[in-house]
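Chemist: Attaching a single structure in structure tokens format; questions to follow.
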Amino acid sequence: MQEGAGDASEALDAQAGSVDEENGRQLGEIELQCGICTKWFTADTFGIDTTSCLPFMTNYSFHCNVCHHSGNTYFLRKQANLKEMCLSALANLTWQSRTQDEHPKTMFSKDKDIIPFIDKYWECMTTRQRPGKMTWPNNIVKTMCKERDVFLVKEHPDPGSKDPEEDYPKFGLLDQDLANIGPAYDNQKQNNAVSTSGSLNGGASLGGGIAAGGSGKGRGAKRKQQDGGTTGTAKKTRSDPLFSAQRLPPHGYPLEHPFNKDGYRYILAEPDPHAPDPEKLELDCWAGKPIPGDLYRACLYERVLLALHDRAPQLKISDDRLTVVGEKGYSMVRASHGVRKGAWYFEISMDEMPPDTAARLGWSQPLGNLQAPLGYDKFSYSWRSKKGTKFHQSIGKHYSSGYGQGDILGFYICLPEDTETAKSLPDTYKDKALIKFKSYLYFEEKDFVDKAEKSLKQAPGSQIIFFKNGVSQGVAFKDIFEGVYFPAISLYKGCTVSINFGPYFKYPPRDITYRPMSDMGWGAVVEHTLADVLYHVETEVDGRRSPPWEP
């Protein structure tokens, strides 16, 4: 039955010749598909060394000189698994038979054709070392028998056939159109489709046909295996992390993540496609070695929400990341975005406040203690529900009447534009260590609280004002310490509050100018992008440096 299907394909392919006129393909020659524009080029076009290459190979990354950021071509061979090697071997055997045999074959003997071909061209097919033990022939049989969406299998000759039994099993390609074989770029289309629910920077939309990862219907969505081992099915194929958007939940952060605690902070990282030689993100290159931080960047979400990682673990955050419920003693959560200059505003509604519960709400710098009430240290300023007391450095002072369930509270901060912090760009974290947690990478930053406290200085002209149901309670703090301030909530026992970052408020202040905290979503993207660009231009790391600017 399989050979019948192959005969029909042979009749069509016999007329095709070596050039695919419609797509400009040069089948049978060493061709490379650009991972950005998806156009095909012969390796000779760019003078690429092809001594270690074969036609129909799929294990590479290639950017043409038009698409690559340096203006030069980029070509990198990758480690191939057995499935990719079998695909390439069968494609070459099929092509050779079509062009050399009077009666072209579509099925090839494991022992007489496939194993000798792979053994002869091993170094051209993969960057993996040739195994010391000859166990791989058995493994390729298992691979092709399992991958029925790519390979045809015939275990025995047909009754009455003159083919000797020792020629079997035979294998062939399910899809006999060799023009469909190419690198596995098509998975990036899927990544772009979900980029709005993941990081802000998805990869380019790329094309592709049959890759070693599947049957032309697109590759699986699972993340790349760090060990680069042979995968079993199409849904478990490796994915290149260069352009792949991390598949995040709709709220933009992994469900399982490390918390900021014990003197360390963790910042979710994503591949930086603008880094010099970003193709070095291929994780196989860094097995057993520290991954260079300059190849990654902080992963940002375009909406301002409550941070899942920058909070005390006992606090319960709602699925939309806008409501928090307290638990036991005072503990704190900060927002995902902070401000360093200008006037900003947000609101908090007191949803539920049972007896014996309390809240301290306001603003905090990143080093504010999460396992303490807001206003406990030098890094935070708060307004307490009980008696309306204001707190800073654990010193409480009378400020206003208290607030409780049903109240809508407003929080305004004004930071001068001429401070050192205001003129600075955010940290890129690229010089920090990268750690892996539950398939995601994070920058790990050590907190130097004592050093930071000693370097604090006041910002003249700065102020914080609190509002209750639209009525200003007056200036609570002025000339506060310079720094980056985040909306912050600390709760005592089981009270529930919801936060509104804007742009629409229940009681928008009428006598002051401000921007809603929601504006910092895209504002942070701009700041971090500029910081990353300057890092790449000004910094040289391990010999990797951006090309000179050419106006």
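Chemist: Could you give the nm distance between label points at T50 and S472, where each point is 7 Å from its Cα heading toward the beta carbon?
Modeler: 7.4
Chemist: Over 26 Å between Cα atoms, which of K39/K170; K390/K423; K105/K142; K83/K436; K397/K468 qualify?
Modeler: Details: K39/K170 34 Å; K390/K423 29 Å; K105/K142 22 Å; K83/K436 28 Å; K397/K468 18 Å.
Those over the limit are K39/K170; K390/K423; K83/K436.
Chemist: Got a sec? How would Y403, Y253 order by Cβ neighbour count within 10 Å, fewest to most? All intermediate terms of the calculation are to be shown ahead of the outcome.
Modeler: Working: Y403 23, Y253 18.
Listed from fewest to most nearby Cβ atoms, that is Y253, Y403.
Chemist: Going by average Cβ neighbours within 10 Å, how do the peptides 118-130, 31-43, 489-501 rank, with the highest at the top? Can you show the working numbers first?
Modeler: Working: 118-130: 15.4, 31-43: 19.9, 489-501: 22.2.
My ranking of the peptides, most packed first, is 489-501, 31-43, 118-130.
Chemist: For a quick check: sort K316, K423 by the number of other beta carbons within 10 angstrom, fewest at the front.
Modeler: Arranged by neighbour count, lowest to highest, K316, K423 become K423, K316.
Chemist: OK, next. Between the stretch 50-117 and the stretch 396-419, how far is it from one alpha carbon centroid to the other, in angstrom?
Modeler: Taking the Cα centre of each part, the stretch 50-117 and the stretch 396-419 sit 66 Å apart.
Chemist: Given A372, T428, G362, which one lies farthest toward the positive end of the charge dipole of the stretch 357-442, if we put +1 on the Cβ of every Lys and Arg and -1 on the Cβ of every Asp and Glu?
Modeler: A372
Chemist: Enumerate the amide H contacts of L173 below 5 Å, restricted to partners 5 or more residues apart or on another chain; note that Pro and chain-start residues carry no placed amide H.
Modeler: L152
Chemist: Under 5 Å between amide H atoms, partner at least 5 residues away or on a different chain: which partners does F437 have, H built in plane at 1.01 Å?
Modeler: Sorted by chain and number, the residues that satisfy this are Y442.
Chemist: Okay, next question. Name the long-range amide H neighbours of K39: under 5 Å, sequence gap of 5 or more, or other chain; modelled H, no Pro or chain starts.
Modeler: C34
Chemist: Relative contact order of the stretch 375-529: what whole-number percent is it, with Cα pairs under 8 angstrom and at least 6 residues apart?
Modeler: Details: 198 pairs, mean separation 30.4, N = 155.
The normalised contact order for the stretch 375-529 reaches 20 percent.
Chemist: For the stretch 372-503, with the dipole built from +1 on Lys and Arg beta-carbon atoms and -1 on Asp and Glu ones, taken about the Cα centre, which of A452, P416, H398 lies farthest toward the positive end?
Modeler: In the stretch 372-503, that residue is H398.
Chemist: Going by how many other Cβ atoms sit within 10 Å of their own, how do R515, R334, R340 line up, fewest first? Before the final figure, lay out the partial values.
Modeler: Values: R515 15, R334 26, R340 20.
Listing R515, R334, R340 from fewest to most nearby Cβ atoms yields R515, R340, R334.
Coordinate-derived values only; no laboratory data. What you are looking at is a predicted structure, and each value in this text was computed from that prediction instead of being measured. Neighbour counts are summed over all protein chains in view; Cβ atoms, including those assigned to glycine, are modelled from backbone coordinates with ideal geometry.
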